[in-house]
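Okay, so here's the structure we're looking at.
The values are calculated or read from the model by the stated rules, or taken from the named source; none is laboratory data. The shown structure was predicted, so the numbers you read here are calculated from the model rather than taken from an experiment. Every residue, glycine as well, gets a Cβ built from its backbone with ideal geometry; the counts of neighbours run over all protein chains shown. Calculation scope for accessible area: heavy atoms of the full protein, side chains included, ligands and nucleic acids excluded. Shrake-Rupley method; radii C 1.70, N 1.55, O 1.52, S 1.80 Å.
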Amino acid sequence: MARFSFRTLRYRLEYALAWALIKFVGILPRPLARAFGICVAWIVYFLHPKLRRVGMRNLELAFSERSRGRKKILHGVFTSLGRQVAEVCLFRRYTRENVSKVVVYEGFERALARGKGVLFLTAHLGAWELSAFAHSLYGYPLSLVMRPLDNPYLDRLTREYRTRHGNKAVDKDFARGLIAAMRKGETVGVLMDTNMIASQGVFVDFFGIQACTASGIARVALKTDAAVVPGFTIWDPGLKKYRLRFDPAVTLIRTANRESDVVANTALFTKIIEGYVSRYPDQWLWVHRRWKTRPAGEKGLY
């Protein structure tokens, strides 16, 4: 009982701190809010050596030929994270009338014509939280795959922000929820660039290294013929705003072997993500241990 009470107290303190931060940043002018968010991210950078080590190790693995510039990329990652934190804190101020001042929305309408649902393929790149929020403000609410946070108070707060303008959570049964959404012609956003345990993913190439990757998008797309549309919310320093860009729907690989197709399409989707990360390396979440799970018998990379 005492242990449970201590955990509950910790959860409430974390929630109170997050709530206070969101409210404080939320009243600042946007340029000042972004500057504050970036400062907070840089404080985390200096106080969290484990994140720095993971980030540098990932950059070493992905860009083995590029010894110079890795630290600069990692610095950019924390700047990008801080900028996104500020945008999240400002969510309540964004409306359909002013969202274009924050996010330029390009090319999504062409994915809707098929009428069989859309799987929005994205990654922890740029401002992924702002991406789903902008979708709903532009009139295309998403179903979101959300992993519950350990802290139930923060989880409730996060869900409130993510679903303010019509977005909703996918059924906790991932595959069943996606299939049901596709059959209703809905749009679902899925972040598929995180490490999976071996029983939940397949190994495909990511920056020349085998990475255990979620195969759910490939399985559902093959089953439902939903459009898989790559979309990423990238910070444009020239515009001083984000570009929410969509590529044409991916042409799926189909053969007589369904399991082989699942792996092939998962590899295809991952290659698309890799291409974007290569173009905007300072906006991807390098501090995540993307290559943690290894094929059987292979030595760990961290």
Simple label model, 7 Å out from Cα along Cβ direction - residue 50 to residue 149, nm: 1.8 nm
Whole-Hz ³J(HN,Hα) for each residue in segment 127-139, computed from phi via Karplus 6.51 cos²θ - 1.76 cosθ + 1.60 with θ = phi - 60°, x for glycine and proline: what do you get? 10, 5, 5, 5, 4, 5, 5, 5, 3, 5, 5, 7, x
Using the Karplus curve 6.51 cos²θ - 1.76 cosθ + 1.60 with θ = phi - 60°, what ³J(HN,Hα) values do you get for each residue of segment 77-93, in whole Hz, with x for Gly and Pro? 4, 5, 4, 4, 4, x, 4, 5, 4, 4, 4, 4, 5, 8, 3, 4, 8
Heavy-atom accessible area of residue 146 with all protein chains present, probe 1.4 Å, nearest 10 Å²? 30 Å²
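Can you pick out the pairs among 50/101; 71/241; 23/101; 23/116; 223/271; 116/292 whose Cα atoms lie more than 30 Å from each other?
Details: 50/101 36 Å; 71/241 24 Å; 23/101 21 Å; 23/116 40 Å; 223/271 21 Å; 116/292 35 Å.
Check vs 30 Å cut-off fails for 50/101; 23/116; 116/292.
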Computed over the chain, protein heavy atoms only, probe 1.4 angstrom, the accessible area per residue in square angstrom equals 50 Å²
Considering every Cα-Cα pair within segment 155-302, what fraction, in whole percent, is farther apart than 22 Å? 48 percent
Quick one: if the Förster radius is 41 Å, what FRET efficiency do residue 98 and residue 40 give, using the C-beta to C-beta distance and rounding to 0.05? 0.95
Square roots of five times the Cα gyration tensor eigenvalues for segment 33-131, Å: 31, 21, 10
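Can you give the FRET efficiency for residue 257 and residue 225, using 1/(1 + (r/R0)^6), R0 = 22 Å, r = Cβ-Cβ distance, to the nearest 0.05?
Numbers: r = 18 Å, r/R0 = 0.81.
Efficiency, rounded to the nearest 0.05: 0.80.
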Would you please state the base-10 log of I(q)/I(0) at q = 0.07, 0.08 1/Å for the chain, with intensities from the Debye formula using one equal scatterer on every alpha carbon? -0.28, -0.36
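Taking 0.36 nm per residue of sequence separation and subtracting the Cα-Cα distance, how much length would be gained by fully extending the chain between residue 176 and residue 64, in nm to one decimal? Please report the intermediate quantities before stating the final value.
Working: separation 112, 0.36 × 112 = 40.32 nm, distance 3.97 nm.
Fully extending the segment from residue 176 to residue 64 adds 36.3 nm.
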Please state the Cα pair-distance histogram of segment 219-302 with 10 angstrom bins from zero: what percent is in each bin? 14, 34, 33, 17, 2
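Can you give the calculated 222 nm mean residue ellipticity of the chain, where each DSSP H run of n ≥ 4 adds -39,500 (n - 2.57) and the sum is split over every residue, rounded to the nearest 500 deg cm²/dmol? Display every interim value, and only then the final one.
Numbers: 9 runs with 139 residues, N = 302.
That calculation yields -15000 deg cm²/dmol at 222 nm.
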Could you tell me the calculated FRET efficiency between residue 106 and residue 27, based on Cβ-Cβ distance and R0 = 25 angstrom, to the nearest 0.05? 0.25
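Given N residues in segment 243-287, what is Rg(Cα) / (2.2 N^0.38 Å)? Don't jump to the answer; show the numbers that get you there.
Numbers: Rg = 13.4 Å, N = 45, 2.2 N^0.38 = 9.3 Å.
Against the empirical 2.2 N^0.38 Å value, I get 1.43 for segment 243-287.
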Please arrange 255, 224 by accessible surface area, largest first, computed with a 1.4 Å probe and ligands excluded. 255, 224
Full-extension gain in nm, residue 247 to residue 157, via 0.36 nm per residue minus C-alpha separation: 29.2 nm
